[in-house]
Amino acid sequence: DAIEKGGPEVSKVRWPFLEDKAPARMSHLIDLYAGRTPLKAGDPNLKSPDKRACAILIISGTVDIVDEFGDVVGTLEQHQCFHEHLLLGMACPDDGRSLVPGTECEVQILSVAMWTKVVNEFPDDKEWIKRNIMTCMAERSAKNLGTELNSVEILRMSRLLTLVSEELIQTMTKFMDVACYMPGQEICLAGRPGDALYLFLSGSAEILDGTDQPRILGPRSCYGEAMCLGIITMHTNTVRAQTMVVAQSVRRRQLVSYLEKFEGNSERFTSLLKEGKLSQANSVERLPNKMKRWNCFRAAQLPFLEMLALKAEDEFFAPNELIIKIGEECHYGQTPFYVLLAGKAVIEDEMGVMQNVLGPGELIGEGGALGLAETRGSNVRVFGAGCAHCFK
């Protein structure tokens with residue numbers, strides 16, 4: 001009767017992703033199936049394999065998160081939960097972490113089977129519950145980075161978004177999404193269209209480039225800046241989660257719309273927006289074919305450009321910012337060179353005297369990258385009031 005009527009027996013401490021919106025009957029069913037488990041400080045009960053495969057809610061007291069060596073790496077307090085991603089169908093991570101009560105406490109242990117039994121009775125609520133679980137995970141990941149979800153600090157993990165006005169970046173916080181990816185799940189797929197910039201809060205992912213040492217994206221990394229501007233419309237690389245990844249994203253539609261709308265950004269980003277519109281006009285063109293139209297690679301064979309495109313990175317520079325600095329040491333196979341794709345750059349000598357102006361399609365710093373110089377022989381900086389986009 002209490003379950004049907006929503007009686008007072010239901011626990012006052014709720015799973016954070018069910019608060020406010022959850023039907024009272026859902027909470028009662030969870031209490032009925034999962035109950036409440038009292039534990040003494042140091043009780044090893046939660047370290048067992050079957051408990052590690054469950055989601056845990058802290059009702060009272062504190063519970064420590066310990067690593068495989070028994071060291072405390074975090075503490076959970078009342079109203080916090082652990083392993084809630086299992087309720088999304090994700091696998092239990094093999095990271096050696098488990099829970100040990102730090103004080104006398106009470107917890108709720110919710111198995112995936114129990115959760116499935118409950119949530120199947122509320123098919124219309126599954127989607128918002130899924131979003132809420134991901135949001136809870138993202139809030140904790142953001143907190144571990146010393147910031148808050150949907151914040152300017154997270155957006156500024158992107159070099160591109162450090163170049164926009166304060167007013168614009170504050171507005172963009174309203175359009176941030178949350179996503180979670182299981183180990184082995186593809187975040188981006190080569191050859192598929194895309195329009196998102198991903199900002200990584202936790203976990204790691206690899207950018208598959210055909211080598212045994214792919215680039216790794218970890219917390220505070222970002223991926224897809226050129227995609228978000230429309231400069232690249234089809235993914236060149238597949239990006240695959242190595243561990244469970246929690247990320248936020250922003251989409252092209254909002255970013256481009258507000259770049260054009262907010263005063264002070266349009267002049268800075270004119271060349272980048274123009275580059276994006278040209279790319280979108282020929283959206284099915286693959287990156288290696290696009291590269292072949294640049295002066296520097298016109299004579300190159302497509303197989304070479306295919307390999308080069310997999311390893312290249314997009315870099316964005318502010319007006320007057322140095323792209324390369326005179327005197328920097330150069331090492332063959334380590335020192336990068338750049339292809340200027342949008343904007344202008346100026347070559348300067350050690351006295352700051354302008355030697356030449358570079359435009360889109362021209363190379364920057366190739367001598368040092370090819371081992372023809374031991375140090376950079378000149379400064380190259382962004383020229384004019386606009387930002388510059390380079391391929392590194």
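What number in nm² do you get for the chain if you take the convex hull of its Cα atoms and divide its surface by four?
For the chain, the mean projected area of the Cα convex hull comes to 23.3 nm².
For the pairs 130/392; 292/344; 130/174; 12/126, note any where the Cα-Cα span goes beyond 30 Å.
The pairs that break the limit, which is 30 Å between Cα atoms, are 130/392.
For 71, 20, what's the largest-to-smallest order of accessible area, 1.4 Å probe? Spell out each step's value before the answer.
Numbers: 71 85, 20 160 Å².
Correct descending sequence by accessible area is 20, 71.
At a 1.4 Å probe radius, which order do 296, 54 fall into by accessible area, largest first?
Most to least solvent-accessible, the answer reads 296, 54.
Under a cut-off of 12 Å between alpha-carbon atoms, report the aspartates and glutamates in cross-link reach of residue 325, not counting same-chain residues fewer than 8 places apart.
In chain and number order, the partners are 348, 349, 350.
Can you show me the helix-derived [θ] at 222 nm for the chain, built from DSSP H runs with n ≥ 4 at -39,500 (n - 2.57) apiece and divided by the number of residues, rounded to the nearest 500.
Result for the chain, helices only: -7000 deg cm²/dmol.
Just how much of residue 262 is accessible, in Å², when a 1.4 Å probe is used and the result is rounded to the nearest 10?
Number for this one is 30 Å².
Once you keep just the Cα pairs under 8 angstrom separated by 6 or more residues, what percentage relative contact order results for the chain? Before the final figure, lay out the partial values.
Details: 803 pairs, mean separation 45.2, N = 392.
The normalised contact order for the chain reaches 12 percent.
Residue 140 accessible area, nearest 10 Å², 1.4 Å probe?
Ignoring ligands and nucleic acids, residue 140 comes out at about 90 Å².
Which value, in Å² rounded to 10, gives the accessible area of residue 177 with a 1.4 Å probe and all protein chains present?
70 Å²
Using only the Cα atoms of the stretch 127-240, construct the convex hull and provide its projected area averaged over every direction, in square nanometres to one decimal.
Values: hull surface 31.0 nm².
About 7.7 nm², averaged over all directions.
Output ³J(HN,Hα) for the stretch 305-318: one whole-Hz value per residue in order, computed from phi by the Karplus curve 6.51 cos²θ - 1.76 cosθ + 1.60 with θ = phi - 60°, and x for Gly and Pro.
Computed from phi, the couplings for the stretch 305-318 are 5, 4, 5, 5, 4, 5, 9, 6, 10, 7, 10, 10, 10, 7 Hz.
Where does each of 100, 73 land when they are ordered by accessible area, with a 1.4 Å probe and the largest first?
73, 100
Given contacts defined as C-alpha pairs under 8 Å and at least six residues apart, what's the relative contact order of the stretch 46-193, whole-number percent?
Contact order relative to length: 21 percent.
Given R₀ = 51 Å, what would the calculated FRET efficiency be for residue 32 paired with residue 299, taking r from the Cβ atoms and rounding to 0.05? Write out the running numbers ahead of the final one.
Working: r = 73 Å, r/R0 = 1.43.
In this case the efficiency is close to 0.10.
The values are calculated or read from the model by the stated rules, or taken from the named source; none is laboratory data. Predicted model, so just to flag it, every value in this text is computed and none were measured. We place every Cβ from the backbone using ideal geometry, glycine too, and count neighbours over all the protein chains shown. What goes into the accessible areas is simple: the full protein's heavy atoms, side chains included, and nothing from ligands, DNA or RNA. Shrake-Rupley method; radii C 1.70, N 1.55, O 1.52, S 1.80 Å.
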